[in-house]
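Trainee: I'd like to ask some things about the structure below.
The values are calculated or read from the model by the stated rules, or taken from the named source; none is laboratory data. Quick caveat, the model's predicted, so the values are computed rather than measured. So basically every Cβ, Gly included, is an ideal-geometry build from the backbone, and we count neighbours across all protein chains shown.
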Amino acid sequence: MIALSHVAKHYGRRALLVDASFQLNPGEKVGLVGPNGSGKSTLFRLIAGDEKPDDGEVSVPKRVTIGWFRQEAGEARGRSVLDEAIAGSGRLGELHHELAALEHALADPEQADAMDTTLSRFGEVQAEYQGLGGYELEARAREVLHGLGFVDGQIEADVGELSGGWRMRVAIARVLIGKPEVLLLDEPTNHLDLESILWLEAFLKATDSAVLMTCHDRDFMNRVVSRIVEIDEGELGNYSGNYDFYERERALRAAEQAAAFTRQQAMLRKEERFIERFERHVAKAAQVQSRIKKLDKIEKLEPPRTRVLEPFEFKKPPRSGNDVVTIRGLSKSYGERAVYSGFDFEIKRGERWCVMGVNGAGKTTLLKIVAGVTRSDSGEVKLGASLKMGYFAQSALEILDPALTVWEQIDRAFPTATTPSKRSLLGAFDFPGDEIDKRIAVLSGGERSRLVLAQMLFDPPNFLVLDEPTNHLDLATKEMLIKTLADFEGTMLFVSHDRTFLRGLASKVLDLSGGGEGTARQPLIFQSSYEKWVERTGHEAPGVHR
C-alpha cells in the first residue's frame, strides 16, 4: 500500500534517514519507535506528502485515504464538538456541512429567489451523501466521541470552550470517524485517561485501516501492533512482533553485534601487531603488504548503539509520622454536581495508593485537596507530622524558568550540591552531555516533565502526590522512573493512566467508582495492589472489562 524505497532525508548537515526502505501493508498495525529527534515525525510527513525525500522514492497510491493525528490542537471556535469532529472525515465531512448550509438556505426567506438552484444542489449533495453512508456518520461520530470520554453535553457544546487536552481528543476523533485506509497516529494516548485508552485500543484492533503509530504506552503497543519499525541513526530496523518481542529481539541482536565487534577488534589488533612487528623485515614484506591490503578491504563493524537509563539513587527521605493523611467527612461540589459527600480516607506511612475512577469521579480533585491547592466545602483533611510533600501536576511545569538552561535550573535549585551528583541526576533523566545546555524554552513537554521530576527527586520528599507523572515520557524514561520509585521509602498518592506504572508501584487502590463499574456511589478502598484489583473487579479501568 505505502512504500519507502532507499529514502534519504537531511536537515542541514544532520541525516535523519539514510537509504531507508519500509512498507506498510493493507490492514497492518505497525509501531514506530526511536529516540526523540530520530526522525519519526519526518517519516509521517514524508508519507503524508508534507515533505519530499532528498533521495529515493515514497510511493503512496493516489486513491489511498490517509488520516493523520499529530500533536497539534487547533483553535477552532463557533462549531459544536460534533460538527468539528465530523469536519475531519474527508469527503463525507464536506458533504455533511454543505447539506447543513443548504438546509439553512432553504429555510431562509431572503434566499427564496435561488430556491430552484438550492433545491437542485441539495438533491445532488444528498444523493452523494447517502451513497457514501453519510446518514450513519453522526451516529459513528457520537460513538467515537463517547469512547474518547465525551458526554452528551460536551458533544453539543462549542469546541472552543474545551481545554487543550480535550481539543486533542476531538482531533483524534476527526481522524477516526472518516475510516481512512491508513491511520498515522503520533502519540494518540498522550491526552487520554485509562478508560479512553482501553476504548481506543479495542477500536484500533478492530479497524480495517492500516495503522502506523508512535506510542509511549507499552501495554497499548503490545495489544495493538504486530510489527515494530525502529529508526536508529537514520536506518530502519524491522521486528516482526509486538513491543515485548522487539525488546527481546533487539537485546539479542545487540548482544550478537557486540560479540562480532569484539571478535573483529581482537582480529584487527592481532593483524596490526604482526604488521608493526615485521614491517621492516624484508623476508616478511610480502606477508605484511598482503595483510595491509586485507585490513583495507575489511568492512569495520560498529559497536551496538545503546540507550540505557539507570535508576537514580536519590537520598533517603526523612521519616514521617505513621499517619500521613487523615480525611474525615470530606464534601466537595462543583455547582450541582457533588464529587465527594462525607468521604473518609486514611493514608499510612509507606503506602502507595493509586486513585482510579471514571472521568469526573474526582481523582485530580482529591490530589489537589490533599496538596492544599483546592479547598473542600466541608470536612477535615489532616496532614501528619514531619511531612515533606512533593506535588507533581501538569501545572508543576510552570516552576521552570524558560530563560534558563537545563543545567542552570538544577544548579540554581541546588547550589551547594556537587557537580558530579547533579550531572548524575540529569543523566538518569535523559539529559546527557550537551543536552544540559538546552534552553528550557525549547524543551518538549516530555523533557520538561523529566526536568521537574528530576528536581523533585534530587532532594526527595517523604510524601509524593503525583497527577499523571508519566504524561509525555517515552518508554525508556518511564521505566527508569518506575525502577527509581520502586526503591522510594516514603508514601505515595498518585493518578496514572499507564498500566505498567500502576502494576509497578500501586500497593493499594482507591477506586472512586466503587468496584470498577463507574456507577457506585461509595468509593471502594482496596487494601491490595492494582493487579489484585484487576483480578477482583475484572476491569483494567472503571467500567472497562479486560
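Trainee: Taking the condition of being more than 27 Å from Ala454 (Cβ to Cβ) and at pLDDT 90 or above, how many residues in segment 357-413 meet it? Steps first, please.
Mentor: Filtering segment 357-413 for residues more than 27 Å from Ala454 (Cβ to Cβ) gives 357-362, 365, 375-382, 385.
Still in the running and at pLDDT 90 or above: 365, 375-382, 385.
Within segment 357-413, residues that are more than 27 Å from Ala454 (Cβ to Cβ) and at pLDDT 90 or above number 10.
Trainee: Of everything in segment 220-236 that's touching a helix residue (DSSP H, G or I) at 6+ places or on another chain (Cβ under 8 Å) and surrounded by fewer than 19 Cβ atoms within 10 Å (Cβ to Cβ), which residue is farthest from Arg305 (Cα to Cα)? Before you say what the answer is, go through the steps one by one.
Mentor: Residues of segment 220-236 that are touching a helix residue (DSSP H, G or I) at 6+ places or on another chain (Cβ under 8 Å), as a first pass: 220-225, 228, 230-231.
Next, from what is left, pick out any that are surrounded by fewer than 19 Cβ atoms within 10 Å (Cβ to Cβ): 222-223, 230.
On the way: Asn222: 24, Arg223: 27, Glu230: 13 Å.
Looking at the filtered set, the residue picked out is Arg223.
Trainee: Turning to a different aspect of this structure: Strands (runs of 3 or more DSSP E) wholly in segment 285-358 with at least 1 residues that are more than 30 Å from Ser196 (Cβ to Cβ) and not polar (S, T, N, Q) - which ones? First the steps, then the outcome.
Mentor: Numbers: elements: 323-334, 337-348, 352-356.
Qualifying strands (runs of 3 or more DSSP E): 323-334, 337-348.
Trainee: Where residues in segment 2-25 are closer than 16 Å to Ser226 by Cβ and touching a strand residue (DSSP E or B) at 6+ places or on another chain (Cβ under 6 Å), which of them is surrounded by the fewest Cβ atoms within 10 Å (Cβ to Cβ)? Working first, answer last.
Mentor: Let us first name the residues in segment 2-25 that are closer than 16 Å to Ser226 by Cβ, namely 22-25.
Among the residues that remain, those that are also touching a strand residue (DSSP E or B) at 6+ places or on another chain (Cβ under 6 Å) are: 22-24.
Working: Phe22: 21, Gln23: 14, Leu24: 21.
Within segment 2-25, the match that is surrounded by the fewest Cβ atoms within 10 Å (Cβ to Cβ) is Gln23.
Trainee: Could you grab me the full set of residues in segment 443-479 that are modelled with pLDDT of 85 or more, in a helix (DSSP H, G or I) and either among the aliphatic types (A, V, I, L, M) or more than 17 Å from the chain's Cα centre (by Cα) (or both)?
Mentor: Leu451, Val452, Leu453, Ala454, Gln455, Met456, Leu457, Phe458, Leu475
Trainee: Give Val373, Val381 a once-over and let me know the one that is within 25 Å of Thr470 (Cβ to Cβ), aliphatic (A, V, I, L, M) and surrounded by fewer than 20 Cβ atoms within 10 Å (Cβ to Cβ).
Mentor: Numbers: Val381 fails: within 25 Å of Thr470 (Cβ to Cβ).
Of Val373, Val381, the one residue that is within 25 Å of Thr470 (Cβ to Cβ), aliphatic (A, V, I, L, M) and surrounded by fewer than 20 Cβ atoms within 10 Å (Cβ to Cβ) is Val373.
Trainee: In segment 239-281, what residues are over 35 Å from the mean Cα position of the chain (by Cα) and surrounded by fewer than 12 Cβ atoms within 10 Å (Cβ to Cβ)?
Mentor: The answer is Arg263, Ala266, Arg269, Lys270, Arg273, Glu276, Arg277, Arg280, His281.
Trainee: For segment 79-185, which helices (runs of 4 or more DSSP H) that fit wholly inside it have 2 or more residues that are in contact with a helix residue (DSSP H, G or I) (Cβ under 8 Å, 6 or more places away or on another chain), among the hydrophobic types (A, V, I, L, M, F, W, C) and in contact (Cβ under 8 Å) with a residue 60 or more places away in the chain?
Mentor: 81-86, 164-177
Trainee: Taking segment 65-78 only, how many residues are modelled with pLDDT of 90 or more and hydrophobic (A, V, I, L, M, F, W, C)?
Mentor: So the count comes out to 3.
Trainee: Across segment 35-68, what is the number of residues that are more than 18 Å from His6 (Cα to Cα) and touching an Asp or Glu at 6+ places or on another chain (Cβ under 6 Å)?
Mentor: Looking only at that region, the number is 2.
Trainee: Another question, if that's okay. Somewhere in segment 126-138, is a residue within 30 Å of Val358 (Cα to Cα) and not charged (D, E, K, R)? Can you show your working first?
Mentor: We begin by selecting, within segment 126-138, every residue within 30 Å of Val358 (Cα to Cα); these are 136-138.
Checking the rest, the ones that are also not charged (D, E, K, R) come to 137.
Yes.
Trainee: While we're looking at this one, here's another question. On the basis of being in the same structural domain as Ser444 (by TED's automatic domain parsing), closer than 29 Å to His539 by Cβ, hydroxyl-bearing (Ser, Thr, Tyr) and surrounded by 17 or more Cβ atoms within 10 Å (Cβ to Cβ), does Tyr334 make the cut?
Mentor: no
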